[in-house]
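Report on the structure given below.
The values are calculated or read from the model by the stated rules, or taken from the named source; none is laboratory data. Fair warning: this is a prediction, and the values are worked out from it, not measured in the lab. Ideal geometry is used to build each Cβ from the backbone, glycine not excepted, and the neighbour counts take in all protein chains shown.
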């Protein structure tokens, strides 16, 4: 497995700013429409990042032309992130034009860079018309007014997801089959793990900057609670699943391409969304830890971890083909606590503590199950001996 290079990690730094922008957008537009718009922006930004990760899976990031590409994409991603606050207002067209430049430009570069590799050329030839089509929808959305922009950007996202699912078919060329993709699954797994770390790091950054602005005993206690929540999410993802997932993807053989498509393109942004929502909840926690939780606060604080655990449950189910009962139960409990917390007017800090307890319970179940598996494996070895 090719290790993640410093060039790739440098490119990733932009997305700390991106996640911060998304979290602040959600905080400032704390309603269902704001949540839907945040989801659209996250999906478009994720496409920029994850397709870049796929390209560096095939092209060595430390070669001069690819390094230049990543620096250019880094600049484009920075502009894209800067346009997020006004993406549904004055900077919508700028956001769309930068998105198109990045997506189409990267694909054209890849077509040039992979010449001499028939399978890769074939794949990029088929993705280019799809990227051009979805990019046209994004630009039309940038030119459109309120409502039209959301509809066209949502259509572009759906087309991209469907196109990837069916192999980007092009009349006369056919489609690109996932089992023919030359995928370094371990590298993609490592890249997505890095993005989860970036998102969690941003969450801690937001709460830390808020604490610095209003440092007191109460806010320090709220910060400890928010920090513990971030650590718990990190533990759920990295304690065992991250390394084990890499092994599963690496050993999948012909299934690696299809497995990577679902696990990395589709399921990781759900977990990132959970972290963004949790970050918005942490902001509310630090500002008013003792205030009664309204619907928005309860959804942020309890719904964020629920969304993360739902994405991770699906991730585990896809990779290990097992039923992630502890995560499904935790998601159901967290969602059930939302109306209960609002009805009882539970303090925001109590909601955060409840979310932490539920997440820690998932960790404890994982540890117990892992211990049982180790004991069973040891017993099997003893029997064979």
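On the given criteria, is residue 263 surrounded by 22 or more Cβ atoms within 10 Å (Cβ to Cβ), modelled with pLDDT of 85 or more and touching a helix residue (DSSP H, G or I) at 6+ places or on another chain (Cβ under 7 Å)?
On the way: surrounded by 22 or more Cβ atoms within 10 Å (Cβ to Cβ): yes; modelled with pLDDT of 85 or more: yes; touching a helix residue (DSSP H, G or I) at 6+ places or on another chain (Cβ under 7 Å): yes.
Here the answer is yes, as residue 263 does meet what is asked.
Where helices (runs of 4 or more DSSP H) sit wholly within the stretch 82-172, those with at least 2 residues that are over 24 Å from the mean Cα position of the chain (by Cα) and not assigned by TED's automatic domain parsing to the domain that holds residue 265 occupy 92-113, 118-143. On the basis of being touching a helix residue (DSSP H, G or I) at 6+ places or on another chain (Cβ under 7 Å) and farther than 23 Å from residue 38 by Cβ, does residue 163 make the cut? Against the criterion (touching a helix residue (DSSP H, G or I) at 6+ places or on another chain (Cβ under 7 Å) and farther than 23 Å from residue 38 by Cβ), residue 163 qualifies. With respect to the stated conditions, residue 65 is modelled with pLDDT under 95, exposed (fewer than 15 other Cβ atoms within 10 Å of the Cβ) and either assigned by TED's automatic domain parsing to the domain that holds residue 10 or part of a helix (DSSP H, G or I) (or both).
Yes or no, residue by residue, for (1) at pLDDT 95 or above; (2) within 23 Å of residue 221 (Cα to Cα); (3) in a helix (DSSP H, G or I):
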| position | (1), (2), (3) |
| --- | --- |
| 310 | yes, no, yes |
| 316 | no, no, yes |
| 323 | no, no, no |
| 330 | yes, no, yes |
| 335 | yes, no, yes |
| 354 | yes, yes, yes |
| 370 | no, no, yes |
